[in-house]
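Reviewing the structure listed below.
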Amino acid sequence: MDIVIRRAHEEDLEDAGRVTVEAFVGDGHTAPDSRYVELLRDAARRSREAELLVAVDTAGGRVLGCVTLAVGGTEWADIATPREGEIRMLATAAAARGRGVGEALVRAAMDRSRELGLAGMAFSTRPEMTAAHRVYERIGFRRTPERDWSPYPGMDLMVYSLAF
């Protein structure tokens, strides 16, 4: 499978939203009736207010995954400092799992953060996302437990970070 990672185009937005909801709801990380689902689906907003990167199958043009990149201190960044990029809503379509799409998206977000002159990256993840944690650690991210947080009671998030 050949993929290209690039900024989302208008024609990618509906599929990017669908893939994000499919990943978060389908994997049991978000309840189908959660208000968060609308935020996950709204790829157009993420593309306008942050940077939305997509992984596209070069053969068929299908969106295989996406990630939102936010600079610390902006609306979409939860935990990044102003000198860090933050990965948000990383999602890979179920049919594309195990093919390196998620890792390629993370690496592209890292490259873009460097292009922006940022000093590193940070992001939040759920404790049960252990397969993703292995990918992050292989890339070089490390747990930063002193930055762990809870957006609301019962939702505990772990932080990973990497300095460039």
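Remarks
- Single match in MET121, MET110 (criterion: assigned to a helix (DSSP H, G or I) and surrounded by 14 or more Cβ atoms within 10 Å (Cβ to Cβ)): MET110
- Filter result for the condition that a residue is free of Cβ contacts under 8 Å to residues at least 12 places away in the same chain and either touching a Phe, Trp or Tyr at 6+ places or on another chain (Cβ under 8 Å) or closer than 14 Å to THR20 by Cα (or both), over ARG114, ARG97, ARG88: ARG97
- When the criteria are applied in full, TYR160 fails the requirement of being part of a helix (DSSP H, G or I), touching a helix residue (DSSP H, G or I) at 6+ places or on another chain (Cβ under 9 Å) and free of Cβ contacts under 8 Å to residues at least 40 places away in the same chain.
- So GLY60, is it at pLDDT below 95 and over 17 Å from the mean Cα position of the chain (by Cα): yes
- Test for ALA132: is it at pLDDT below 95, among the aliphatic types (A, V, I, L, M), surrounded by fewer than 19 Cβ atoms within 10 Å (Cβ to Cβ) and outside any helix (DSSP H, G or I): no
- The number of residues in the range 119-141 that are within 16 Å of THR81 (Cβ to Cβ) and within 17 Å of the chain's Cα centre (by Cα) comes to 6.
- Within the range 24-46, being small (Gly, Ala, Ser) and either at pLDDT 95 or above or touching a Phe, Trp or Tyr at 6+ places or on another chain (Cβ under 7 Å) (or both) holds for ALA43, ALA44.
The values are calculated or read from the model by the stated rules, or taken from the named source; none is laboratory data. Keep in mind the model is a prediction, meaning the values are calculated, not measured. Methodologically, a virtual Cβ is constructed for each residue, glycine included, from the backbone with ideal geometry; neighbour enumeration extends over all protein chains shown.
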